[in-house]
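The values are calculated or read from the model by the stated rules, or taken from the named source; none is laboratory data. From a predicted model like this one, the values you see are computed outputs, not experimental measurements. Note that each Cβ is placed from the backbone with ideal geometry, even for glycine, and that neighbours are counted across all protein chains shown.
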Amino acid sequence: MDDISTVRNIDELATLKYFSFKYDYLINSYDTNILPLFRRMKYLEKLTLYLRVQNRSTFLDKTHLENEILSYIPTLQLFTFYISTYNETIDLFHNMVAQQSMIYIKNQHVNSIINYISDCIAVCSIFSIPFAFHRLEDIGNLFPDIIFNHVTYLLVQDINPFNHEFFIRLARAFPLLKTLRVFNCESQSSNTTDVCLDESTSNVIAEYPHLTVLDVTGGEIDYTEQFLNETKTYVPCLIQLIVIYNDLRLVTNNFTRQETRRNCANVQRLEMIRPLAHTHDFYVYFPLL
């Protein structure tokens, strides 16, 4: 986004007491078009931000928030925010590992996560707790042990594999999740930490009672197996499935496998590159198509 179209009169900023700006897409002009606005809001009492920023030389972290925003708004009483920064600058990554930490800003609980979504792209997410927004993107294996009660849309992505235990934690942390997109090019079998998992955890079924939309086109075939196999995951309300056709065919054993039948039974919309004609078993497998 190149400007904030909702701000029609810059002079009005000085008298504002409440300001909310939420934008789901990546922003290229944060430093030139957004940051200067906060320095005009000297009497602001409540600020809400949801931002995803790219093309910066540094991450938007605690230091930035305190020095570049909060120091200019002395009257601020409530700051609710989620800010993620996408950075492709290789120099940032020296001695940096995926991490999460609990910090404080003006005596407020804040969580910060650094996650790699490719070999040269890291995402730094910093947000107030409790998390107040319905959408969260590019969270990986590391995320805080809290409940995200408002999140209904989630995109997970990591350069390390997602094991079964990860999806159990995910289901518990996001109890109202409706849409899930999985991006991970690493096979679950390549995750050596699986051998260290508690045997009782490996037998637990990950339950997503409200999940209606699932997109696994950005993941290895293991993640199609993870969500369609009822011995691993239960998705009773799955209505829309976005999947690679050949992965679906293999996981369901040409639409005859019993372990994957129940999680497909309620699907009403199937998005995939597929042949023009399907077998009888296919339509039995997806009776609502």
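Listing for the model above:
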| read-out | value |
| --- | --- |
| Checking I159 against (1) more than 23 Å from L26 (Cα to Cα); (2) modelled with pLDDT under 95, the condition it does not meet | (1) |
| Residue that is nearest to the chain's Cα centre (by Cα), among those in the stretch 255-264 that are surrounded by 13 or more Cβ atoms within 10 Å (Cβ to Cβ) and assigned to a loop (DSSP other than H, G, I, E, B) | T260 |
| Pairs with Cβ under 9 Å, 6+ apart, first in the stretch 128-148 and assigned to a loop (DSSP other than H, G, I, E, B), second surrounded by 18 or more Cβ atoms within 10 Å (Cβ to Cβ) and acidic (D, E) | G140/D158; N141/D158; L142/D158 |
